[in-house]
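The values are calculated or read from the model by the stated rules, or taken from the named source; none is laboratory data. None of the values given here were measured: they were computed from a predicted structure. Here the Cβ positions follow ideal geometry from the backbone for every residue, glycine too, while neighbour counts run over all protein chains shown.
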Amino acid sequence: MNVLKRLLPASFKQWLKLRIEHVSLFWAGLLARSAFSASLFYWFSPAFRREQHSVLAGRLAYQQQLHQLGKSSALLRRNIHRLEKGLIMQPRRASFASDYIMETVVIFERAVQQKSICSAELKWAADVLNRYFEVVTDTAEIAKARSLFGQVWQQLSRELTEQVGDATQTGSSSVPYPASALPDCPIVFADLYTLYQRRRSVRWFTQQQVDPTLIRQAVNAASLAPSACNRQPYRFDLLSRPEDAAKVADLAMGTTGFAGQIPSLIAVIGDLSCYPAERDRHVIYIDASLATMQLMLALETLGLSTCPINWPDIESREKAIAQTLGLEPYQRVVMLLAIGYADPQGGVPFSQKKTDALLVREVKL
Ligand SMILES: Cc1cc2nc3c(=O)[nH]c(=O)nc-3n(C[C@H](O)[C@H](O)[C@H](O)COP(=O)(O)O)c2cc1C
């Protein structure tokens, strides 16, 4: 197929492309009228196949991971966060979370038994559950969950005591706190605006290597970004050797001409195994992008420049990057991010920005 593609004259390829687009638009004109007919259109098209495969594989992996936990559990994170929100509710209900507290304690028990969950996540869960059972009034379900939690907490506090001497001395409690306890904000709008102006997509870098510890520092700032139900369904695959960065950058479409001189690269990977249902399939893109924006700004303050790189859903490229990075079917590339020290002589496109006149639509109902 590729040989044929290379042999065909460019004018013929262009003509063929236009014909295919023409036929496709003809059918789109007939079938774009309703969701059902649109699904018929895509029945014959492979355009969404990879996504469907990923979402379905994600649903399955979600169920499997309920039994075999990794370093983090999407269900534990989501349910603990739901409890946090119940705890800060105004007015707080005497009994809440009856419908999911048993599920939460069961997954917490599994986390304690399997010992794979990272300690900060486990501590957060333990602290919130302890606070919850301190304040909540029992229903039949809550009473059962309280009893199980009592046993699990006994085991966990015994283990903690063995490790740190006193289970109550494991740092400040990871429970809700009043807004007045938030740190003061020393940054004024003008400073933030300058940082935003300073962050531009930089494509030309010096060959100075980037210290991975700087990137890790920025990642820890990026991870403070909001995420739906606090699941944080993403990770940053870091390629800090220029030859590796170039190899992955080359797999994207938008890096022609500058892929070969990118010192470091991050592949932002969304994890669809964090969701039991299709309805949340877009959240990986939202959460990962919010964090990546914070990452770019954090890197900027450390003297590093970045360029986000589009990741197109093209089967051959998807296969290549999945193989290169060892991705599971439910792990999707959200975008790539080139990172390096800006070449002072390298150009930066003006890239005019839309302003409030175009971006804001005031709505009064
Ligand atoms: C999701 C995303 C994908 C992008 N993909 C590419 C790309 O493939 N190649 C490239 O040179 N720039 C890419 N960019 C950079 C944009 O061209 C750039 O953000 C835009 O022109 C605005 O310029 P600025 O980032 O300097 O403000 C991408 C940006 C985003 C947010």
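Of note:
- Residue under evaluation residue 271, criteria (1) free of Cβ contacts under 8 Å to residues at least 24 places away in the same chain; (2) in contact with a Pro (Cβ under 7 Å, 6 or more places away or on another chain), criterion not met: (1)
- For the range 283-297, taking the residues that are of a type in the set (S, T, N, Q) and farther than 23 Å from residue 59 by Cβ, the one that is nearest to the chain's Cα centre (by Cα) is identified as 292.
- Candidate set: the range 157-176, residues that are in contact with a Leu (Cβ under 8 Å, 6 or more places away or on another chain) and modelled with pLDDT of 65 or more; chosen: the one surrounded by the most Cβ atoms within 10 Å (Cβ to Cβ): 175
- Qualifying residues in the range 233-268 (those that are of a type in the set (D, E, K, R) and free of Cβ contacts under 8 Å to residues at least 40 places away in the same chain) - the one nearest to residue 223 (Cα to Cα): 235
- Across the range 194-212, a minimum of one residue is classified as surrounded by 10 or more Cβ atoms within 10 Å (Cβ to Cβ) and among the small types (Gly, Ala, Ser).
- On inspection, residue 94 fails the criterion of being outside the structural domain of residue 140 (by TED's automatic domain parsing) and part of a loop (DSSP other than H, G, I, E, B).
- Flag if residue 182 is outside the structural domain of residue 309 (by TED's automatic domain parsing), away from the ligand (no atom under 16 Å from the Cβ), surrounded by fewer than 16 Cβ atoms within 10 Å (Cβ to Cβ) and aliphatic (A, V, I, L, M): yes
- Subset of the range 68-105 that is closer than 13 Å to residue 122 by Cα and among the aliphatic types (A, V, I, L, M) - its residue that is surrounded by the most Cβ atoms within 10 Å (Cβ to Cβ): 105
- Summed over the range 345-365, the residues that are of a type outside the set (Phe, Trp, Tyr), within 16 Å of the ligand (Cβ to nearest atom) and in a loop (DSSP other than H, G, I, E, B) give a count of 9.
- Screening residue 280 on (1) outside the structural domain of residue 246 (by TED's automatic domain parsing); (2) under 18 Å from the mean Cα position of the chain (by Cα); (3) of a type in the set (Asp, Glu) shows it passes everything except condition (1).
- Residue 55 of a type in the set (Val, Ile, Thr) and either closer than 17 Å to residue 280 by Cα or assigned by TED's automatic domain parsing to the domain that holds residue 331 (or both): yes
- Residue list for the range 308-343, filter: in a loop (DSSP other than H, G, I, E, B) and within 16 Å of the ligand (Cβ to nearest atom): 311, 312, 313, 314, 343
- When the range 276-292 is filtered for residues that are of a type outside the set (Asp, Glu) and in contact (Cβ under 8 Å) with a residue 60 or more places away in the chain, the ones remaining, listed by number, are 276, 277, 281, 290, 291, 292.
- Scanning the range 253-307 for residues that are among the polar types (S, T, N, Q), surrounded by 16 or more Cβ atoms within 10 Å (Cβ to Cβ) and more than 12 Å from the ligand (Cβ to nearest atom) gives 261, 264, 273, 294.
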